[in-house]
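These notes concern the structure reproduced below.
The values are calculated or read from the model by the stated rules, or taken from the named source; none is laboratory data. Please read all numbers here as calculations on a predicted model, not as lab measurements. Quick reminder, even Gly has a Cβ in these numbers, built from the backbone with ideal geometry, and neighbours come from all protein chains shown.
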Amino acid sequence: MEQWAPLELDPAGIGAEPGPRGLADHLRGSADLGELLAEHKALVFRGFHVTTSELDEVMDLLLPNRLAYVHGNSPRTKVGQNVYTSTEYPPEFDISMHNEMSYAHQWPERLMFFCAVAPETGGATPLVDGMRWLGSLDDEVREAFAKGVRYTQNLHGGKGFGKSWQDTFETDQRDVVEEFLSTSGSEFAWRPDGGLRVSQVRPSTTVHPVTGDEVWFNQADQWHAAGLGDETAAALYQIMGEEDLPQSVTFADGSPIPADHVRQIRDRGLTEAVDVDWRVGDVLLIDNVAVGHGRRSFTGPRRILVAMSD
């Protein structure tokens, strides 16, 4: 399969004035942004030196309907109108490839990343073509996942390990959460300690709505303890049983997913990935169905903001 890389766009290349205003003017006059994104799957806008104070106008043009991170499982801080920090995960670890919220009944079609502070070393955002990721997996693995996977979350009520249901759904109203989950095909139950248990079956692949390409589209390797590494998984199992983990995953019928399958998915996704190394002011737009993303480990401060749209 032909090698893939995101399309990089700079002022000279697209005939735009340098600076955030030039980028905004170009986007405002561009009628083919959707077609360009469908063709190239990810776009890097570089050399426009966008600043945090000028980001809103660019975001409004790239993300027509900015979404809240409701039912998101990653630790983030909300810093603006449906704008969040990227995953607040220890910098010494890589984050494996995934499509944002592929475990949910609805997911964003577009993601935008903005570099406010570049790391001293590392910290790239790797991107993987979902077709290449699917094609890299052994037939045995693809066949095993053919009937989908079951994701299970244990969300505490304000004190505990992992995320609370209040943070996850951005509300403290139980009836709002119940309505959301009832319309999403999820099974759920409130626990005596005030926590919430949610379970849902989702497919392992999906078909891109524009191109018709089948892509790998699940987060089994991130929800499975083996995806964290053997030592971390062993430590978790000593603290609590699998049924009580903040998040876990099985095949759709409830049978366990072999650890070797999980490691293959994780490792081949990272191997197939292309790194986007950050410079301050960079803006990255990705098609969340066509492309998975992750994070390389880093040193020094790093501040990447994220927003999403349907």
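Miscellaneous remarks
- Taking residues in region 267-295 that are in contact (Cβ under 8 Å) with a residue 60 or more places away in the chain and within 25 Å of residue 226 (Cα to Cα), and partners anywhere that are part of a helix (DSSP H, G or I) and aromatic (Phe, Trp, Tyr), the pairs with Cβ atoms closer than 8 Å and at least 6 places apart or on different chains are 268/133; 269/133; 272/133; 292/133.
- Filter result for the condition that a residue is among the hydrophobic types (A, V, I, L, M, F, W, C), out of contact with any strand residue (DSSP E or B) (no Cβ under 9 Å at 6 or more places or on another chain) and surrounded by fewer than 18 Cβ atoms within 10 Å (Cβ to Cβ), over 38, 12, 24: 12
- Residue count for region 182-192, restricted to those that are closer than 14 Å to residue 154 by Cα and either within 24 Å of the chain's Cα centre (by Cα) or in the same structural domain as residue 70 (by TED's automatic domain parsing) (or both): 3.
- Residues (closer than 17 Å to residue 286 by Cα and in a helix (DSSP H, G or I)) located in region 56-97: 58, 59, 60, 61, 62
- Number of positions in region 6-22 that are within 25 Å of the chain's Cα centre (by Cα) and more than 17 Å from residue 211 (Cα to Cα): 3
- Condition check for residue 50: within 24 Å of the chain's Cα centre (by Cα), crowded, with 20+ Cβ neighbours inside 10 Å and in a strand (DSSP E or B): no
- Assessment of region 163-177 against the conditions (among the charged types (D, E, K, R), without any contact (Cβ under 8 Å) to a residue 24 or more places away in the chain and either farther than 23 Å from residue 68 by Cβ or in a loop (DSSP other than H, G, I, E, B) (or both)) yields at least one matching residue.
- Residue list for region 246-282, restricted to those being in contact with a His (Cβ under 6 Å, 6 or more places away or on another chain) and not assigned by TED's automatic domain parsing to the domain that holds residue 216: 281
- Hits in region 143-166 (condition: at pLDDT 95 or above, charged (D, E, K, R) and surrounded by 17 or more Cβ atoms within 10 Å (Cβ to Cβ)): 150
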